[in-house]
Amino acid sequence: MQTSDNSRHDGAGPDPLALDVRKSAILNAVVTEYIGSAQPVGSQHVMDAPGVSVSSATIRADMAALERDGYLAQPHTSAGRIPTDKGYRFFVDHLGGPGALDPVGRQQVRQFFDHAHGEIELMLEKTSGLLADLTDCTAMVVGPSHELATLRSVQLVGLGPRLALLVVVLADGAVQKQSIDLAEDVDEGRLADAARCLAAHSLGRALSQIDATLVTTGDPATDAVVSVGVDALRHLGSAEAGDQLFVGGSSHMAAAFDAVDTVRSVLTILEQQLVVVTLLRDVLDRGLSVAIGTEHGVEPLASCAIVVMPVSVDGEVTGTIGLLGPTRMNYPLALAAAQVVGNRLGQRLSESRR
């Protein structure tokens, strides 16, 4: 992560987030201590931090100056200081890179992807759980679009006289399912005939390229089932089908905030798939990998920060991973985990295409 990736400064005039070396070291020490303790930080906790070799009185004076400049806040008269969103932003913009996972975390990621097999959807769901476990944040994984994936298998399974389940296996390993309503009662034999016709004229094609004028079977009742199946296939490959979102570790939100209303608001947002997917993409589109507090523009998440990383497959961005936590989240760990997991996930998705 380069500093410019997350900075909101446009380069015109002096940098509003510029601090001298000592104040920068003090601010970083306060942020680091507060991330770990969730308690206001006093001058005594800062004295031994790297780059801070001054008296407690000087530290208190600099902390007061940082408070006046909006980097720190003092929740109580006798308490220490806590970072503001501006303070967190300075901290994130001056990390110098996402850091590295510790050996235990790296081993956990390595073992996960060494044993991640089977359906793509199941792997994506488990990936969100892995990220949540690594970071103690809520993890979000937006799966790749299946629009260009070719079909390997098409099946129709009867669920009732006029209800069937379309099951599609794609070349990228994804398994898609959609229920379809039928105009007339259909037995298993007719469903099997319709499935064979669908397979004969759609296997090897991308979902977005399924031909609406498939060769007919000669039986009007079977052709009617085939027609409904074609419509379902085309829908699975359309933008209307929506993105797949997998959320892991929602329970971490309950532990992150004392206010029940805040937890409820955050969990309500996480249940809205379109809102979450749009939010993650918007942060990336703005050139950010971290959005803090009100920066992401979703008011119920004003007490949260979001870390976002794209997932690339063969050089093409096809998915997104994100981490949601309180503004005092462990940013170095979150960025490191997001980068490592995102890279490994992209590699695995690339392998599944071959």
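Please treat every number below as a calculation from the coordinates, not as lab data. From a predicted model like this one, the values you see are computed outputs, not experimental measurements. Because the Cβ atoms are built from the backbone with ideal geometry, glycine has one as well, and the counts that use them run over all protein chains shown.
For this structure, a couple of remarks:
- Order by protection proxy (mean Cβ within 10 Å, highest first), peptides 320-327, 173-180: 320-327, 173-180
- As a length-normalised measure over Cα pairs under 8 Å and 6 or more apart, the relative contact order of the chain settles at 19 percent.
- Segment 262-332: trypsin sites (Lys or Arg not before Pro) in DSSP coil with no more than 15 other Cβ atoms inside 10 Å: R286
- Normalised size of segment 227-335, defined as Cα radius of gyration per 2.2 N^0.38 Å with N residues, equals 1.23.
- With 0.36 nm allotted per residue and the present C-alpha distance subtracted, the A192-T268 stretch has 23.1 nm of extension available.
- Lysines with Cα under 25 Å of K86, excluding same-chain neighbours fewer than 8 positions away: K23
- Taken about its Cα centre, segment 151-241 carries a charge dipole of roughly 340 debye when the Cβ of each Lys and Arg holds +1 and the Cβ of each Asp and Glu holds -1.
- Each helix, a run of at least 4 DSSP H residues, gives -39500 (n - 2.57); summed and divided by the residues of the chain, these come to -14000 deg cm²/dmol at 222 nm.
- Altogether, the Stokes-Einstein calculation at 4 °C and 1.567 mPa s, with the Kirkwood radius of segment 63-178 over Cα pairs as Rh, returns a diffusion coefficient of 68 µm²/s.
- Rounded to 10°, Cα long-axis angle of helix 188-202 versus longest principal axis of the chain: 70 degrees
- Stretch gain in nm, segment D136-A224, where the contour uses 0.36 nm per residue and the Cα spacing is subtracted: 26.6 nm
- In segment 265-336, GluC sites (Glu not before Pro) in a DSSP loop with at most 13 other beta-carbon atoms within 10 Å: E271
- Dimensions of segment 151-241 along the principal axes, based on C-alpha atoms and rounded to the nearest Å, stand at 33, 25, 21, largest first.
- Stokes-Einstein translational diffusion, the chain - Kirkwood Rh over all Cα pairs, 1.567 mPa s, 4 °C, in µm²/s: 56 µm²/s
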